[in-house]
1. Quick check on region 174-185. Is at least one of its residues closer than 28 Å to Gly38 by Cβ, touching a residue at least 24 places away in the same chain (Cβ under 8 Å) and touching a Phe, Trp or Tyr at 6+ places or on another chain (Cβ under 9 Å)?
2. So Ala149 clears everything in (1) surrounded by fewer than 16 Cβ atoms within 10 Å (Cβ to Cβ); (2) among the small types (Gly, Ala, Ser); (3) farther than 25 Å from Leu57 by Cβ except one condition, right? Which one?
3. With Ser129, Ser195, Ser165, Ser147 as the choices, which residue is in contact (Cβ under 8 Å) with a residue 12 or more places away in the chain, of a type in the set (Ser, Thr, Tyr) and farther than 28 Å from Ile45 by Cα?
4. Among the residues of region 202-211, are any surrounded by 19 or more Cβ atoms within 10 Å (Cβ to Cβ) and either of a type in the set (D, E, K, R) or under 20 Å from the mean Cα position of the chain (by Cα) (or both)?
5. All but one of (1) crowded, with 20+ Cβ neighbours inside 10 Å; (2) touching a strand residue (DSSP E or B) at 6+ places or on another chain (Cβ under 9 Å); (3) over 25 Å from Val112 (Cβ atoms) hold for Val220; which doesn't?
6. Quick check: is even one residue across region 229-239 in contact with a His (Cβ under 8 Å, 6 or more places away or on another chain), in contact (Cβ under 8 Å) with a residue 60 or more places away in the chain, within 30 Å of Ile134 (Cβ to Cβ) and not hydrophobic (A, V, I, L, M, F, W, C)?
7. List the number of the failed condition for His142; all other conditions in (1) surrounded by fewer than 20 Cβ atoms within 10 Å (Cβ to Cβ); (2) closer than 24 Å to Ile187 by Cα; (3) within 16 Å of the chain's Cα centre (by Cα) hold.
8. Suppose we filter region 229-244 for residues that are of a type outside the set (S, T, N, Q), more than 19 Å from the chain's Cα centre (by Cα) and surrounded by 15 or more Cβ atoms within 10 Å (Cβ to Cβ); how many remain?
Amino acid sequence: MDISLYKASQILGVPPSVWTVRNPLKIYEFFEVTRPSGLRRNHSILDFGCGKGHWTLALAKHCANAIGIDTSDTRIAVARSFLQHSGLKTKVQFLCARLEDANIPSASLDRVFSFSVLEHIINREEALSEIVRILKPKGELHISVDSLANLKDIDLLIKHKHDHSVVQYFTENSLRQQLHEAGLDVIEIHAIMHSQYARQEFMRRIKPNYKYDLVRRILVYLRLRDEDRRSENCEGMMLIGRARRPST
């Protein structure tokens, strides 16, 4: 990895390994989900719906141990392959299972992270209840979900929902209600990717085989961040949520 990448990562506050993910929208999403998490070296965490494990490994570098769980055996196989070359084998495990079937001990985790997963799950109530069970009292859930509230092209919404097996797009109210009904205290929910630029980049990503080189990834990430800071629009492509298991 080029030394300039490390310098850029230090300046931007983003771990160098994050830049190996080729989609800058996902990089920005990762940063926005994890930034307020208060992740500590002694924490135990779960990456719910971990896919190929990129984010699990990135998070594991900053905590005591991490579990990545996904129902896709193909993706978990890739994640385990990455793990073999990561230097993190002693503190990361990848499970191929539904969360409800994984038998994770109650009140054993300090943080649960979930990146654009909940909108694909039919049994959301069951999954959220399980997250509450395995979180320690005052443990936190940090989550992103698809909203697409500022995407007004109905045909494109239908295509995205079909191609990505989306069960539900979320509003702030619907996400807040579902987290609350699961027994979580909602700390914060806010939209990201409000700008026209974010919409344009999202639409580019829908095209087959659309790719970004490293420099482009960094530039798009920076512009997404800066456009959100300037935007006064309350509707965005995604919602970021932070919630806590009550102490009692």
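Values quoted throughout were computed directly from the atomic coordinates according to the rules given, and no laboratory measurement underlies them. All of these numbers come straight from a predicted model, not from anything done at the bench. All Cβ positions, glycine included, derive from the backbone under ideal geometry; neighbour counts span all protein chains shown.
1. yes
2. (1)
3. Values: Ser129 fails: farther than 28 Å from Ile45 by Cα; Ser165 fails: farther than 28 Å from Ile45 by Cα; Ser147 fails: farther than 28 Å from Ile45 by Cα.
The match here is Ser195.
4. No, region 202-211 contains no residue that is surrounded by 19 or more Cβ atoms within 10 Å (Cβ to Cβ) and either of a type in the set (D, E, K, R) or under 20 Å from the mean Cα position of the chain (by Cα) (or both).
5. (2)
6. yes
7. (1)
8. Taking region 229-244 and keeping what is of a type outside the set (S, T, N, Q), we get 229-230, 232, 234-244.
Subsequent filtering for residues that are more than 19 Å from the chain's Cα centre (by Cα) retains 229-230, 232, 234.
Narrowing further to those that are surrounded by 15 or more Cβ atoms within 10 Å (Cβ to Cβ): none.
Of the residues in region 229-244, 0 are of a type outside the set (S, T, N, Q), more than 19 Å from the chain's Cα centre (by Cα) and surrounded by 15 or more Cβ atoms within 10 Å (Cβ to Cβ).
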